[in-house]
Amino acid sequence: MTRYYPAYLDLTGRRCVVIGAGEVAERKVLQLLASDADVMLVSPTATSELAQLAEQGVLRWIERDYARGDLAGAMLAIAATDDESVNREVHAEAEREKTLLNVVDVTPLCGFIAPSIIERGSVTVAISTGGTSP
């Protein structure tokens, strides 16, 4: 098993791309926005909250399926789809672009894994199982 290097990233103003726009993607987008990331969402459909955030100009929503080139200039990407072929295409592009990638629940395709988080005021505790779903 890979031993991951723990880190907190400053994503302020950094381009982050989320592929997919269901409930899992919504949670990821909200975390990215809370980190002041520049979020681009790529999905033909979105949850009502994500659609509303796009309407308000809080994030950019590209209303279509993922296409090669969507990760250009991105520091970080999250693939939150249940389509294995799309996840593999996103992974291949992330490798070419040197973009940190998390493919939700597909650890072998991840360049980073996202821990469980507990926040109490200014204290944040991150807990990891090394990529296995606890």
How much length is gained on full extension from A72 to T12, taking 0.36 nm per residue of separation minus their Cα-Cα distance? 19.8 nm
Under 16 Å from the 7 Å Cα→Cβ point of E23, by amide nitrogen: which residues of segment 86-103? none
Report relative contact order for the chain in percent, whole number only (criteria: Cα-Cα under 8 Å, sequence separation at least 6). 21 percent
Taking a probe of 1.4 Å and leaving out DNA, RNA and ligands, segment 31-85 shows per residue an accessible area in Å² of 54 Å²
Tell me what the chain gives for mean residue ellipticity at 222 nm when only DSSP H runs of n ≥ 4 count, each as -39,500 (n - 2.57), the sum divided by the residue total, rounded to 500 deg cm²/dmol. -7500 deg cm²/dmol
Charge dipole magnitude, Cβ of K and R +1, D and E -1 - segment 58-134, Cα centre, debye nearest 20: 320 debye
Please get the size of the charge dipole for the chain, origin at its Cα centre, with Cβ charges of +1 on Lys and Arg and -1 on Asp and Glu, quoted in debye to the nearest 20. 440 debye
How far, in nm, would the chain grow between T129 and E95 when pulled straight, counting 0.36 nm per residue and subtracting the alpha carbon separation? 9.9 nm
Could you please report the charge total around E49, scoring K, R as +1 and D, E as -1 over all other residues with beta-carbon less than 13 angstrom from its beta-carbon? -1
Which percent, to the nearest 5, of DSSP beta bridges fully inside the chain are antiparallel? 25 percent
3J(HN,Hα) from dihedral phi, segment 98-114, Karplus parametrisation 6.51/-1.76/1.60, rounded to Hz, x for glycine, proline: 6, 9, 5, 10, 10, 9, 3, 6, 10, 3, x, 9, 8, x, 8, 10, 9
Going by a ≥ b ≥ c, the root eigenvalues of the Cα gyration tensor, does segment 90-134 fall in the rounded group (a/c under 1.5), the prolate group (a/b larger than b/c) or the oblate group? oblate
Taking the chain as a Gaussian network, Cα atoms linked when under 10 Å apart, which of V103, V123, V86 shows the biggest mean-square fluctuation? V123
May I ask for the equivalent-ellipsoid semi-axes of the chain, computed as the square root of five times each C-alpha gyration tensor eigenvalue and listed largest first in whole Å? 22, 19, 14
Taking all protein chains in place and a 1.4 Å probe, what share, in percent, of the accessible surface of the chain do carbon and sulfur account for? 50 percent
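The values are calculated or read from the model by the stated rules, or taken from the named source; none is laboratory data. In this text the structure is predicted, and so the values were computed from the model without any measurement. Here the Cβ is made from the backbone with ideal geometry for all residues, glycine too, and neighbour counts use every protein chain on show. Just so you know, the surface numbers come from the protein's heavy atoms only, side chains and all, with ligands and any DNA or RNA stripped out. Shrake-Rupley method; radii C 1.70, N 1.55, O 1.52, S 1.80 Å.
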